[in-house]
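Asks: Once you've had a glance at the structure underneath, I'll fire off some questions.
The values are calculated or read from the model by the stated rules, or taken from the named source; none is laboratory data. The structure displayed is predicted, hence computed values, not measured ones. Cβ placement follows ideal geometry from the backbone for every residue including glycine, while neighbour counts extend to all protein chains displayed. Ligands, DNA and RNA are stripped out before the accessible areas are found, and what is left, the full protein with its side chains, is counted by its heavy atoms. Shrake-Rupley method; radii C 1.70, N 1.55, O 1.52, S 1.80 Å.
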Amino acid sequence: MATTVAAGVHGNGAIASSKSVNSLRKLSHLSSLQFPTQLRSFTIRNQTFKSKPTLHLVEAKKQTLSSFVDVLENSDRPVLVDFFATCCGPCQFMVPILEQVSALMKDKIQILKIDTEENHSIADKYRIEALPTFILFKDGKPCDRFEGAMAAEKLIQRIETSLKVEQ
């Protein structure tokens, strides 16, 4: 048996027709997030990767403000921090891209993910207003900040450019 959405009364007194939740679900695919084709397939150093159209769930290790600062200050490599939310489509799209970037740049950087829904104090400290937001830290201090989903090659270029400018 389908659950129905309650009927409402319009300003003119007419009763709105009820719609079943099932019919609303059928329409939900029309509002799903679609990524540009160039972001679904990307090439890194002569290797082509294809992103699946499904969104991956992200699991993040809970960080307190003090442990987060400790990681930044004690890292022997620059740290790219991905501020994300599990309900954010572009954030979920970045999961496989960040995995590829992490594998390709494992000797150059460390990637840390911070769930802004779970870590409000860290998000507030760094004034995170859009998701995903990436902050590149070097020697415990921010050296670059950028927002939004991007292809892996663009992310690598941005990181390498930022690190060259800092040296």
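Asks: Among the residues of the range 97-116, write down those that are surrounded by 13 or more Cβ atoms within 10 Å (Cβ to Cβ) and not aliphatic (A, V, I, L, M).
Replies: GLU99, GLN100, SER102, LYS108, GLN110, LYS113, ASP115, THR116, listed by residue number.
Asks: Hey, could you check the range 117-132 for residues that are in contact (Cβ under 8 Å) with a residue 24 or more places away in the chain and outside any loop (DSSP other than H, G, I, E, B) and say which is farthest from VAL165 (Cα to Cα)?
Replies: The residue in question is SER121.
Asks: Let me ask another. When the range 70-101 is examined, which residues are found to be closer than 22 Å to GLY140 by Cα and either among the charged types (D, E, K, R) or in a loop (DSSP other than H, G, I, E, B) (or both)?
Replies: Correct list: ASP70, GLU73, SER75, ASP76, ARG77, PRO78, ASP82.
Asks: In the range 133-140, is there at least one residue being in a strand (DSSP E or B), open to solvent by less than 10 Å² (accessible area, probe 1.4 Å) and closer than 18 Å to GLY89 by Cα?
Replies: Within the range 133-140, one or more residues are in a strand (DSSP E or B), open to solvent by less than 10 Å² (accessible area, probe 1.4 Å) and closer than 18 Å to GLY89 by Cα.
Asks: Moving to a separate point now. ILE111 is checked against (1) at pLDDT below 95; (2) assigned to a loop (DSSP other than H, G, I, E, B) and fails just one. What number does that condition carry?
Replies: The one condition ILE111 does not meet is (2).
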